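These notes concern the structure reproduced below.
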Amino acid sequence: MEKMKNIYFDYQATTPVDPRVLDKMMPYFAEIYGNPHSRNHSYGWEAEQGVEVAREHVAKIIGANPKEIIFTSGATESNNLAIKGVAEFYGDKKNHIITCVTEHKCVLESCRNLSGKGFDVTYLPVQSDGLINLDELEKVITDKTLLVSIMGVHNEIGVIQPLEKIGEICRKNDVFFHTDCAQAIGKIPLDVDKMNIDLMSISGHKIYAPKGIGALYIRRKPRVRISSMISGGGQERGMRSGTLSPALCVGLGEACRIYSDEMENEHKTLSKLKKMMLQGIRKSCPDVYLNGSEDNRVPGNLNLSFAYVEGESLMMGIKNLAVSSGSACTSASLEPSYVLKALGVEEELAHTSLRIGFGRFTTENEVQYATEMIVNEVKRLRELSPLWEMAQEGVDISKIKWSHH
Amino acid sequence: MAYSKELLDHYENPKNVGSMDKQSEKVGTGLVGAPACGDVMKLQIRVNEKGVIEDAKFKTFGCGSAIASSSLITEWVKGKNLDEAHSIKNTEIANHLALPPVKIHCSILAEDAIKAAIDDYKKKNKK
């Protein structure tokens, strides 16, 4: 196959802005530039109109009322605001928070921050498929439990948590349920009422809207209160002060609108692409493991361990494919991913992991090309690997006394 | 992070990949590192009667820097006697490949590997 230029396989890190989204945004920079909070003239009203239509689109995709949506700078802010905001508002009544060890750093760090302020935090483990155990969740809930925060779709391993069942447990026990759905919007059907979700974090740049915009859903019936983090003019119902960027809000709204129409089709296409790559790799390479549940995962994510081949060297070999490494050997710390560790993936296997992300603009040709390239490079590097050699000779690698350094 | 031309060349076209008979009296084998740490190097030397390293082979599980470091050191030790090979410093490897600071441990591993191979050879050939 002829050499292709760089190909993007990192849709869980971020997505390009969909041209249709950009089209909707453009007028809001230099034409409709009013402050959406200006109440006295048409400049303000027009900008506000754009923001409110966007809010409706965001609400619609999760079955919410537009009044329950506030715009933020992204999912990190939304997660902070949801967790710390609820904690601050209700903290004198209940002080126990439940989350999970594989949550995004911004959730874990928000919880850590609160545990320094008198909150008890329970970090639920995950099963080897990456999902939490519902019985365990139910067991750790006490009459002091204020909030459960569990993400919808995992950024690293793509697994889908059983939101509806978690919501049911939370509602039954009178506990607020927050879910980080940055990776879930447009990937799985979401309905805040059916799933008993009280707070939901949404990100723009994971769904083909720009970076720097997100939203937080906050339930009104029964009402969930939060303390705001930012002091100011009281915009967004007093929960998030600061002038909104109509262009960014419109972008997020349009991205949600597109998904409302196209989610099902996109799901089909991505499923096909994923199957193509997974089968292609498995057919030619033994000892390749999929991390996280194979059934309960979004089709746009493959997190694979290529036993006996170190992840960063593999990334170097497929350098025109933009993928992400689970082995973290590329970052300053040489620790493998905390998420894979939590699944019980052995460290030596965690060092061989790659995250390959597909999305709206991935083509069949690209997947074919990438599959071939990955297979060839894994074969080449295994020929270089003393561990592969030992495995072929029948040596049990776990029995060797290695010199840890 | 941008790697040097030397490093990329050793990664893309590694020299002296392979294995020797580790039972042979003439062969010294060094196996260092650990899979759980993300790198394992196997380095082998064949030594002639004059105590000169005739040939060297390696296999490495590890990042590009680890592969390049082991490829480079196998090139360097060929034709050297055991004392000369033993005195190669990891800093020379790191400088030659322009390893970034976070990858210095790869050059240390290569130094450890050649020393381990020499020790193994000497142990076998204790007179």
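Computed values, structure above
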{"read-out": "Positive-end extreme of charge dipole, region A:1-97 - chosen from A:Ser73, A:Gly91, A:Ile61 (charges on Cβ)", "value": "A:Gly91"}
{"read-out": "Beta bridge orientation in region B:1-84: antiparallel %, DSSP, nearest 5", "value": "95"}
{"read-out": "Fewest-first sequence of A:Leu81, B:Leu31 by Cβ atoms within 10 Å of each Cβ", "value": "B:Leu31, A:Leu81"}
{"read-out": "Radius of gyration and maximum dimension Dmax of chain A, Cα, Å", "value": "22.6, 80"}
{"read-out": "Calculated FRET value between A:Asn65 and A:Asn40, using beta carbons and R₀ = 25 Å, to 0.05", "value": "0.35"}
{"read-out": "Gap separating the Cα centres of region A:65-103 and region A:385-405, nearest whole Å", "value": "47"}
{"read-out": "Restricting region A:1-86 to GluC sites (Glu not before Pro) in coil, as DSSP defines it, with at most 14 other Cβ within 10 Å", "value": "A:Glu2, A:Glu31"}
{"read-out": "Pairwise FRET efficiency - A:Glu393 versus A:Phe89, Cβ, R0 = 56 Å, nearest 0.05", "value": "0.35"}
{"read-out": "Label-point separation in nm, A:Asn113 to A:Glu56, each point 7 Å along Cα→Cβ", "value": "3.5"}
{"read-out": "Where trypsin sites (Lys or Arg not before Pro) fall in DSSP loop in region A:38-81, at most 10 other Cβ within 10 Å", "value": "A:Arg39"}
{"read-out": "Note, ³J(HN,Hα) from phi for region A:378-388, Karplus 6.51, -1.76, 1.60, rounded to Hz, x at Gly and Pro", "value": "4, 5, 4, 6, 5, 4, 8, 8, x, 6, 4"}
{"read-out": "Note, ³J(HN,Hα) from phi for region B:6-16, Karplus 6.51, -1.76, 1.60, rounded to Hz, x at Gly and Pro", "value": "4, 5, 4, 5, 5, 6, 6, 10, x, 8, 6"}
{"read-out": "A:Met26-A:Ile230 FRET efficiency (beta carbon distance; Förster radius 30 Å; 0.05 resolution)", "value": "0.60"}
{"read-out": "5 angstrom amide H check on A:Thr122, placed H, neighbours 5+ away", "value": "A:Ile97, A:Ile98, A:Thr99"}
{"read-out": "Fully extended contour minus Cα-Cα distance, from A:Asp135 to A:Asp287, at 0.36 nm per residue", "value": "51.4 nm"}
{"read-out": "Residues whose placed amide H lies under 5 Å from that of A:Asn65, excluding near-sequence neighbours", "value": "none"}
{"read-out": "Charged-residue dipole, Cβ positions (Lys, Arg, Asp, Glu), region A:89-140 about Cα centre, Debye nearest 20", "value": "300"}
{"read-out": "Counting DSSP beta bridges with both ends in region A:88-217, the antiparallel % (nearest 5)", "value": "25"}
{"read-out": "Chain A, helix-only ellipticity at 222 nm - DSSP H runs n ≥ 4, -39,500 (n - 2.57), divided by all residues, nearest 500", "value": "-12000 deg cm²/dmol"}
{"read-out": "Signed unit charges on C-beta, dipole axis of region A:58-153, positive-most listed residue A:Val153, A:Val101, A:Gly118", "value": "A:Gly118"}
{"read-out": "Over chain B - Rg/Rh using Cα atoms and the Kirkwood inverse-distance radius", "value": "0.96"}
{"read-out": "Distance between region A:216-241 and region A:111-184 - C-alpha centres, whole angstrom", "value": "22"}
{"read-out": "D (Stokes-Einstein, µm²/s), Kirkwood Cα radius, region A:138-219, 1.567 mPa s at 4 °C", "value": "99"}
{"read-out": "Amide proton proximity set for B:Asn81, modelled H, under 5 Å, gap of 5+", "value": "B:Ile53"}
{"read-out": "Tensor-based shape of region A:196-343 (alpha-carbon gyration tensor, a/c under 1.5 rounded, otherwise prolate or oblate)", "value": "prolate"}
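None of the figures in this text is laboratory data; all of them are computed from the coordinates on show. Here the structure is a predicted model, which means the values were calculated and not measured. Please note: Cβ atoms are built from the backbone with ideal geometry, for glycine as well, and neighbour counts cover all protein chains shown.
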